[in-house]
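The values are calculated or read from the model by the stated rules, or taken from the named source; none is laboratory data. As the structure is a computational prediction, the values presented were derived from the model and not from experiment. In this analysis, Cβ positions are derived from the backbone assuming ideal geometry, glycine residues included, and neighbour counts consider all displayed protein chains.
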Amino acid sequence: MPVQYRAGARAALRIVPLDLLTLIYHRASGQTHVVASPVPEILDVLADEAMDVPALLAALAARYELGDADADALTARLEELAAVGLVERG
């Protein structure tokens, strides 16, 4: 079964957009992350349900304009987000 990813609980994150960047305060760790697109978009889609990489890529393409849909790059980004606790791997 493919790895499923889910965004952390909305109550655990404080997300503040600032022009091209977004600040994400992760209450559980006390860390603030400064991120750029596509991280806010990924968290938005994964807040609704857990998805594997192909399903997430399709959902992102349906909601947002994707310049280059690369499953390997998305997987790497998801693993980075999981490492800092913004995304849960399941």
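Yes or no, residue by residue, for (1) modelled with pLDDT under 95; (2) in contact with a strand residue (DSSP E or B) (Cβ under 7 Å, 6 or more places away or on another chain); (3) closer than 16 Å to residue 78 by Cβ:
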{"site": "6", "(1), (2), (3)": "no, yes, yes"}
{"site": "9", "(1), (2), (3)": "yes, no, no"}
{"site": "25", "(1), (2), (3)": "no, yes, no"}
{"site": "28", "(1), (2), (3)": "yes, no, no"}
{"site": "33", "(1), (2), (3)": "no, yes, yes"}
{"site": "49", "(1), (2), (3)": "yes, no, yes"}
{"site": "55", "(1), (2), (3)": "no, no, yes"}
{"site": "58", "(1), (2), (3)": "yes, no, yes"}
Could you please let me know if residue 16 is in contact with a Leu (Cβ under 7 Å, 6 or more places away or on another chain) and without any contact (Cβ under 8 Å) to a residue 12 or more places away in the chain?
yes
